[in-house]
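The values are calculated or read from the model by the stated rules, or taken from the named source; none is laboratory data. The shown structure was predicted, so the numbers you read here are calculated from the model rather than taken from an experiment. So basically every Cβ, Gly included, is an ideal-geometry build from the backbone, and we count neighbours across all protein chains shown.
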């Protein structure tokens, strides 16, 4: 065994010892910001994990972003909502549904506070996300999203028996529709809408961007007063249409 192996030179034309070469390689590795971030490597895996495990109480307040107005609900109760029509809730689930009368509507929305109307403020980059399904055996129309749906100003997903659209209104209350690949009825989907102030509105289905509109030259109507809403209407006599909701998230800048 060579006791002085580390003191040997790298090559006949390089006087750097093996110990020095190893130390230099370790130094370069430790100072490389891309270390261990390749596919399958430790930091890349750490960042991609759905749950990042740290000791209990190890995340302190100054590491948490509280510069957001945030709401999240699993519908244990509908007491915080304004409900017009038929609805019920259980822990983790709510259902909004119509009668069999033609054009019967159920409308469920979360009103903003009476004093400040903090949300839904389109200048503060609001985000709406919900996990839900819509279903009916006959014609119906549902809208799910921001604002006073069915009124003047709103942004929504509109799902009918045969079509799906991204919907938004300008400050004149004019409704604009963007055709989407049809959203499957009776199947859970994660629907998400993001408004980036002065730039664009984006619609996502199950994590995929499905529509985007440039609003840099558009003034959106004032949607404060209604934070988010679900609306469903039956368009066929004798038919019940329903929305089943499992989770909702709303967030905007303070």
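Given the options 84, 137, name the one that is more than 22 Å from the chain's Cα centre (by Cα) and at pLDDT 95 or above. So that I can check it myself, show each step before the final result.
Numbers: 137 fails: at pLDDT 95 or above.
Of 84, 137, the one residue that is more than 22 Å from the chain's Cα centre (by Cα) and at pLDDT 95 or above is 84.
For the residues 209, 191, the requirement of being within 24 Å of residue 85 (Cβ to Cβ), assigned by TED's automatic domain parsing to the domain that holds residue 124, part of a strand (DSSP E or B) and touching a strand residue (DSSP E or B) at 6+ places or on another chain (Cβ under 9 Å) singles out 191. Looking across the stretch 107-135, the residues that are part of a loop (DSSP other than H, G, I, E, B) and touching a strand residue (DSSP E or B) at 6+ places or on another chain (Cβ under 7 Å) come down to 112, 118, 119, 120, 121, 125, 126.
Scanning the stretch 1-23 for residues that are assigned to a helix (DSSP H, G or I) and modelled with pLDDT under 75 yields a total of 2. Residue under question is residue 224, and the condition is that it be part of a strand (DSSP E or B) and either in contact (Cβ under 8 Å) with a residue 12 or more places away in the chain or closer than 20 Å to residue 129 by Cα (or both); does it hold? Here the answer is no, as residue 224 does not meet what is asked. Every condition in (1) in a strand (DSSP E or B); (2) closer than 20 Å to residue 157 by Cα is met by residue 88 except one, and the failing one is (2). No other residue among 26, 52 is part of a loop (DSSP other than H, G, I, E, B) and either under 22 Å from the mean Cα position of the chain (by Cα) or at pLDDT 75 or above (or both) apart from 52. Restricting 193, 237, 232 to those that are in contact (Cβ under 8 Å) with a residue 40 or more places away in the chain, within 26 Å of residue 76 (Cβ to Cβ) and either surrounded by fewer than 21 Cβ atoms within 10 Å (Cβ to Cβ) or more than 19 Å from the chain's Cα centre (by Cα) (or both) reduces the list to 232. Condition first: at pLDDT 95 or above, assigned to a strand (DSSP E or B), closer than 25 Å to residue 92 by Cβ and in the same structural domain as residue 236 (by TED's automatic domain parsing). Can you find one or more residues in the stretch 164-186 that meet it? No, because not a single residue in the stretch 164-186 is at pLDDT 95 or above, assigned to a strand (DSSP E or B), closer than 25 Å to residue 92 by Cβ and in the same structural domain as residue 236 (by TED's automatic domain parsing).
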